[in-house]
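Take a look at the structure set out below.
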Amino acid sequence: MSVSFYTPCATPRPVRLSQETRQFAWDSLHGKYGDEAMAHMAVSMDSQPDFDGLSDYGKHDRMIREIAEKAPLRLCPTERVCGAATLGLAIHALIPATRGGQPVLWGINHLTVNFFTAVREGLDAVEARLDGRMRQAAGENLTGRQQEFLQSMKSTLASLRIWHRRYLEATETERPELHRLLTQVPFGPARTFHEAVQSLWFCFAFTRLTGNWPGLGRIDQLLGPYYEADLSAGRLTRDEAREILASFFIKGCEWIQSQTPPGSGDAQHYQNLIIGGVDREGREVTNPVTYLILDVVEELAISDYPITVRFSEHSPEELFRRVAEVQRHGGGIVAVYNEPLVLRSLMAQGYPEDEARDFANDGCWEVQIPGRTRFSYAPFDALQVLQRQTLHLDTDTPAHFDDFESLYAAFRKELGHVVDDIARRTLDGWVPGWQEGKTDFAPAPPCTVVSLFEDGCMESALSYCEGGTPYVVISPHIGGAPDAGNSLCAIDTLVFREKKVSFDRLMEILRTDWAGEETLRQYVRHNLTCYGNDDDTADGYTVRILNDFADLCSPWATGYPVWFPPGVSTFGRQIEWAPGRLAVPFGYRKGDILSGNASPTPGTDTEGATAVIRSYCKADLCRQTTGAALDIRLFPGTVDGENGLVALEGLIHGFLALGGYFMQTDVMDAQVLRRAQENPDEYKTLSVRVSGWNARFVTLNREWQEMIIQRTAHEM
């Protein structure tokens, strides 16, 4: 059967892969393997009477061993790499082992681990270092918990060997070509491209099987040397390498279900990839594997690995062209980092230059140093801070201000309280003695599988969640900044500059959701220029908020056991926040869906994509250390043909030149999305960019679908 993958573009997707690989992708994208996983949710610990008396590490290790011994194996007829996360609870970020029918431990996400060492050196070498560390520990004054953690690392490696041995036995006669790969990797170092892809997948699949959602980081940097060596030696062709990589991508779709319950989408497992950019020595990473990755996603429309390209003015021009060619097919699969700005931001934060050059993300888009960072973020809604803490619109007696600067000073003070509260609460919970200068982290639930692939954990004998990584980061993330900026702009304009309405009267209008004030509301909607239209005055309010937010985070950014660098995001929380928001002075009512990330409020940006980028870049984005995401949605007709490709390339170049940080571009027609709402079975593989992740549109609930549809679609 011939299969066809959706594109909104008039130019069809290319066909380079074999028909059997394309069919494998089609089956996976339509839920064949996700349905299998949901039929086997977890292993049960109920037959182990001593389980409840074990320590938390004892329980963890017993569960990982049971998963390794009992999880169903899967061998697909046409796959080029093997290993599978076959237990359904892992899809929900839980370790898929239950006691009394209930899960026991959560998995870990929002991180990118270090698989490079496992692929390059092999897990035997990792275990040898662990054995040496455990011998060394005998002469140290380690706590009992540290000793237990090192034993847990040893146990986890033993469990991984059990799972590996089961696949060796299963493939010996059924798939001898896969068996040959597994006799070498992942315990021995990869010697060929195929072995490297198998090793990477097997380690990644085991972390997923055990309920964790790690990002993969810079796989073109990892795999490129293997590919080039094989190509030079005549062991591999470009077409063969593409088929192997395609299998890797297809297997990453194994958690898609044929009937996913509607929610915030089915592809948010944080398995992001980074391609391009420079390495630790400042050399360009872009290589033939970079382009093979783009080949695969261009053809198969696989969105489960959101890809971000690290671009600079020195990036190959061919890379700009290939990214544009992939982006025009929609799905929001490929996004863009401004590498030089990100590097400046990280070094200003205090990272050494060589480590900064190695940056990836946390599996979404927040920047971190892969394999060396425990990362989390703390989101808050700046609009609600303005409405509730500053203006007191949720009370019978709203605040009164006689001038704009007094209003803004009060708002800034409340933002400062939010940032301080995030930092103090985190440190109180994670590092209880921080105020006395202590740096010991409080005990946390075991997370040995990810700790095994994190630098520093073995050396410190501390887990990922107990301070074992070199960097521990919680980033305060401001959301709703454009909405708060537009609100301040409207108040300043209507009350203090135009004097069209008194301050107290405007507050009462907002409290009553514009009741009886439709004329004024329409005046504001049609006459107020908002953020996103390259108007310095209108943009200035949002720019001021973002720059002041960075100032407020600065005292907490370093110098403590946890770093608190700033970032800008909503990740779709504008839906979650909507019930707590009141009417806004720029004309929207209570409950309306407002801005996402650092993007304009839907419907307020009327001057095109380039104007949006110019507005966004007026803030000092270098100071938003973990990132500030801009969403750009384009009409399909504007990116077709040669002129469309040139325009897309120009958009990326302009974004870099103006000082952007992170841009996620999607190409979609709202009419197509409306048709998908009415006929979901006909659009099961239609992908859209949601925020830091992509999702099949039909797996979003109605609120999330409307949020996507309402984003302003731009001409270029």
(message) Let's see if you can work this out: charge +1 on each Lys and Arg Cβ, -1 on each Asp and Glu Cβ, no other charges. What is the dipole magnitude of the chain about its Cα centre, in debye to the nearest 20?
(response) 800 debye
(request) Pick out, in residue order, every one of the trypsin sites (Lys or Arg not before Pro) in region 611-716 that is DSSP loop and has at most 13 other C-beta atoms within 10 Å; say none if there are none. (result) none
(message) Is there a quick way to get the dipole size of region 377-626? I mean about its Cα centre, with the Cβ of Lys and Arg at +1 and of Asp and Glu at -1; what is the value in debye to the nearest 20?
(response) 360 debye
(message) Taking the Cα centre as origin and putting +1 on Lys and Arg beta-carbons and -1 on Asp and Glu beta-carbons, what dipole magnitude results for region 84-149, to the nearest 20 debye?
(response) 140 debye
(message) Per 0.36 nm of contour for each residue apart, how much would the distance between Thr606 and Ala657 grow if the chain were fully extended, relative to their Cα-Cα spacing?
(response) 16.1 nm
(message) Tell me whether region 377-626 comes out rounded, prolate or oblate; compute the Cα gyration tensor, take square roots of the eigenvalues as a ≥ b ≥ c, and use a/c under 1.5 as the rounded threshold.
(response) prolate
(message) Please compute, over every Cα-Cα pair in region 313-407, the percentage with a separation greater than 18 angstrom.
(response) 68 percent
(request) Could you calculate the FRET efficiency of Ala410 with Glu174 from 1/(1 + (r/R0)^6), where r is the beta carbon distance between them and R0 is 60 Å, rounded to 0.05? (result) 0.30
(message) For the chain, take the longest principal axis of its alpha carbons; what is the angle in degrees between that and the long axis of helix 481-491, to the nearest 10 within 0 to 90?
(response) 0 degrees
(request) Take the alpha-carbon centre of region 626-672, take the same for region 66-109, and report the distance between them in whole Å. (result) 37 Å
(request) Compute the distance in nm between two label points, each set 7 Å from the Cα along the Cα-to-Cβ direction, one at Gln435 and one at Arg165. (result) 5.3 nm
(request) For the chain, find the longest principal axis of its Cα atoms and tell me its angle to the long axis of helix 238-251, 0 to 90°, nearest 10. (result) 70 degrees
(message) Under a crude label model (7 Å from the Cα following the beta-carbon direction), how far is Gln147 from Arg505 in nanometres?
(response) 7.7 nm
(message) What does the extension gain come out to for Asp420 and Asp279, with contour length at 0.36 nm per residue minus their alpha carbon separation?
(response) 47.2 nm
(request) Translational diffusion coefficient, Stokes-Einstein: compute it for the chain using the Kirkwood radius over C-alpha pairs as Rh, at 4 °C and 1.567 mPa s, and state it as an integer in µm² s⁻¹. (result) 49 µm²/s
(message) If R₀ is 25 angstrom, what is the calculated FRET efficiency for the pair Thr395 and Asp551, using the beta carbon separation as r and rounding to 0.05?
(response) 0.30
(message) Helix 641-658 against the longest principal axis of the chain: what's the angle in degrees, Cα atoms only, rounded to the nearest 10?
(response) 80 degrees
(request) Putting +1 on Lys and Arg Cβ atoms and -1 on Asp and Glu Cβ atoms, find which of Phe24, Thr11, Gly596 reaches farthest to the positive end of the dipole of the chain. (result) Phe24
(request) Compute the length gained on full extension between His314 and Tyr560: take 0.36 nm times their separation in residues and subtract their Cα-Cα distance, giving the result in nm to one decimal. (result) 84.9 nm
(message) Could you order the peptides 21-29, 481-489 from most to least packed, using the average number of other C-beta atoms within 10 Å per residue?
(response) 481-489, 21-29
(message) So, R0 is 35 Å and r is the distance between the beta-carbons of Glu498 and Val646; what FRET efficiency does that work out to, to 0.05?
(response) 0.25
(message) Projecting each Cα onto the charge dipole of region 445-541 (Lys/Arg +1, Asp/Glu -1 at the beta carbon, about the Cα centre), which of Tyr523, Ser475, Leu452 comes out farthest on the positive side?
(response) Tyr523
(request) Could you tell me which of Trp163, Phe248, Leu150 has its Cα farthest along the dipole of region 127-248 towards the positive end, charges placed at Cβ (Lys, Arg +1; Asp, Glu -1), taken about the Cα centre? (result) Leu150
(message) Taking θ = phi - 60°, what integer Hz values does the Karplus form 6.51 cos²θ - 1.76 cosθ + 1.60 yield along region 116-132, in sequence order, with x for Gly and Pro?
(response) 4, 4, 4, 5, 6, 9, x, 6, 4, 5, 4, 5, 4, 5, 5, 4, x
(request) Give the distance, in whole Å, between the Cα centre of region 398-473 and the Cα centre of region 112-155. (result) 27 Å
(request) Holding the Cα-Cα limit at 30 Å, pick out from Lys499/Lys618; Lys413/Lys499; Lys70/Lys684; Lys618/Lys684; Lys70/Lys154 the pairs that are longer than that. (result) Lys70/Lys684; Lys618/Lys684
(request) Show me 318-331, 388-401 ranked by packing, highest mean number of other Cβ atoms within 10 Å first. (result) 318-331, 388-401
(message) Output wanted: per-residue J couplings in Hz (rounded whole) for region 325-340, from phi through Karplus 6.51 cos²θ - 1.76 cosθ + 1.60, θ = phi - 60°, x for Gly and Pro.
(response) 5, 7, 4, 5, 7, x, x, x, 6, 10, 10, 9, 9, 8, 4, x
(message) Quick check on packing: order 111-120, 64-73 by the mean number of other C-beta atoms within 10 Å, highest mean leading.
(response) 111-120, 64-73
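Readers should treat all values here as calculations from the given coordinates under stated rules, not as data from a laboratory. Given the structure is predicted, the values throughout are model-derived calculations rather than measurements. For neighbour counting, all protein chains shown are included, and Cβ atoms are generated from backbone atoms with ideal geometry for every residue, glycine included.
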